[in-house]
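Chemist: Pasting in a structure now, in structure tokens, and then I'll have a few things to ask.
The values are calculated or read from the model by the stated rules, or taken from the named source; none is laboratory data. Because the structure is a prediction, the values reported are computed rather than measured. Glycine gets a Cβ as well: all are built from the backbone with ideal geometry, and neighbour counts include every protein chain shown.
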Amino acid sequence: MSATHKTKAERGRDFFETPSWVVDAIVPHLPCALDVLDPCAGKGAILKALGAAEGRKFANLRGIEIDPAHLGPEQPFVDEGDALSLDWETPRLVVMNPPFGLAQEFLEKALAEIAPGGTVAALLRLAFLESTKRAGFHRAAPADVFVLARRPSFIGGKTDSSAYGWFVYGPGRGGRWFVLGGEP
């Protein structure tokens, strides 16, 4: 996520807690799943929003978080560890807000670890579509991109100068884009 309006100390390990409305916007476009993983769980915001999603069934919600400062008794479903070096135990659905600098590594790991027929959804700046370095990745693993019509606020009610979207990978996905929300 973007670092606008954050001091170096606040940026830490590129921690930007995902607002629940951002998760709510993608939920109708995700399959119900009985084994869900957020490998960049932070304080568990994505998993909490999925658990509270009305009319959708997400079960066995679990997360991995590298920073022990974000762990606590309020999210017993999040384990401490470096998700890029752990076995993810073949989840059916991965939903994450990865550090932007490691986004491709997290996506490659997710696509390798997901159960056959599973889905991966990653919240990223739309700038992830740019870069000759990632061009081969995008050709090999095309995503559907769900653009957020309004910019999320990750800190103190302020938005930054970046546009965001959910990049969704899985069966029948790839090469389409959609706009989420934006109604007054």
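Chemist: Quickly run through the range 154-172 and pick out the residues that are touching a Ser or Thr at 6+ places or on another chain (Cβ under 9 Å) and loosely packed, with under 15 Cβ neighbours inside 10 Å.
Modeler: Listed by number, the residues that qualify are LYS158, SER161, PRO171.
Chemist: Working carefully through the options ASP87, ASP67, find the one that is touching a residue at least 12 places away in the same chain (Cβ under 8 Å), acidic (Asp, Glu) and in contact with a Lys or Arg (Cβ under 7 Å, 6 or more places away or on another chain). So that I can check it myself, show each step before the final result.
Modeler: Working: ASP87 fails: in contact with a Lys or Arg (Cβ under 7 Å, 6 or more places away or on another chain).
Unique residue meeting the criteria: ASP67.
Chemist: Does the range 156-175 contain at least one residue that is of a type in the set (S, T, N, Q), touching a residue at least 40 places away in the same chain (Cβ under 8 Å) and closer than 15 Å to ILE46 by Cβ?
Modeler: No, that holds for no residue.
Chemist: Related question: Are any residues in the range 152-173 part of a loop (DSSP other than H, G, I, E, B) and either under 17 Å from the mean Cα position of the chain (by Cα) or modelled with pLDDT under 90 (or both), and if so, which ones?
Modeler: From the range 152-173, those part of a loop (DSSP other than H, G, I, E, B) are 152, 156-157, 160-163, 170-173; that's our starting set.
The answer is PRO152, GLY156, GLY157, ASP160, SER161, SER162, ALA163, GLY170, ARG173.
Quick grid of which residues meet (1) loosely packed, with under 15 Cβ neighbours inside 10 Å; (2) out of contact with any helix residue (DSSP H, G or I) (no Cβ under 9 Å at 6 or more places or on another chain); (3) not polar (S, T, N, Q):
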site	(1), (2), (3)
LEU50	no, no, yes
ASN60	yes, yes, no
ILE66	no, no, yes
ALA69	yes, yes, yes
ASP79	yes, yes, yes
ASP82	yes, yes, yes
TRP88	no, no, yes
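Chemist: With respect to the numbered conditions (1) among the polar types (S, T, N, Q); (2) in a loop (DSSP other than H, G, I, E, B); (3) out of contact with any Asp or Glu (no Cβ under 7 Å at 6 or more places or on another chain), which one is the sole condition not fulfilled by GLN104?
Modeler: So GLN104 meets the others, but not (2).
Residues checked against (1) out of contact with any Phe, Trp or Tyr (no Cβ under 9 Å at 6 or more places or on another chain); (2) aromatic (Phe, Trp, Tyr); (3) modelled with pLDDT of 90 or more:
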residue	(1), (2), (3)
VAL95	no, no, yes
ALA122	no, no, yes
PHE137	yes, yes, yes
PRO142	no, no, yes
PHE146	no, yes, yes
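Chemist: Checking the conditions here, which among LYS43, LYS8, LYS57 is basic (Lys, Arg), under 22 Å from GLU105 (Cα atoms) and at pLDDT below 90?
Modeler: Details: LYS8 fails: under 22 Å from GLU105 (Cα atoms); LYS57 fails: under 22 Å from GLU105 (Cα atoms).
Going through LYS43, LYS8, LYS57 in turn, the sole match is LYS43.
Chemist: I need every pair where a residue in the range 33-61 that is in contact (Cβ under 8 Å) with a residue 24 or more places away in the chain has its Cβ under 7 Å from the Cβ of a residue that is surrounded by fewer than 20 Cβ atoms within 10 Å (Cβ to Cβ) and hydroxyl-bearing (Ser, Thr, Tyr), sequence separation at least 6 or different chains.
Modeler: Close Cβ pairs satisfying both conditions: ALA45/SER20; ALA49/SER20.
Chemist: From the set of residues in the range 127-151 that are in contact (Cβ under 8 Å) with a residue 24 or more places away in the chain and part of a loop (DSSP other than H, G, I, E, B), which is surrounded by the most Cβ atoms within 10 Å (Cβ to Cβ)?
Modeler: ALA143
Chemist: Which one of these does GLU89 not meet: (1) charged (D, E, K, R); (2) modelled with pLDDT under 95; (3) assigned to a helix (DSSP H, G or I)?
Modeler: Of everything listed in (1) charged (D, E, K, R); (2) modelled with pLDDT under 95; (3) assigned to a helix (DSSP H, G or I), GLU89 misses just condition (3).
Yes/no matrix, rows are residues, columns are (1) of a type in the set (A, V, I, L, M, F, W, C); (2) within 18 Å of LEU37 (Cβ to Cβ):
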{"site": "ILE114", "(1), (2)": "yes, yes"}
{"site": "GLY118", "(1), (2)": "no, yes"}
{"site": "GLU130", "(1), (2)": "no, no"}
{"site": "ALA140", "(1), (2)": "yes, no"}
{"site": "VAL145", "(1), (2)": "yes, no"}
{"site": "PRO152", "(1), (2)": "no, no"}
{"site": "ILE155", "(1), (2)": "yes, no"}
{"site": "VAL168", "(1), (2)": "yes, yes"}
{"site": "GLY172", "(1), (2)": "no, no"}
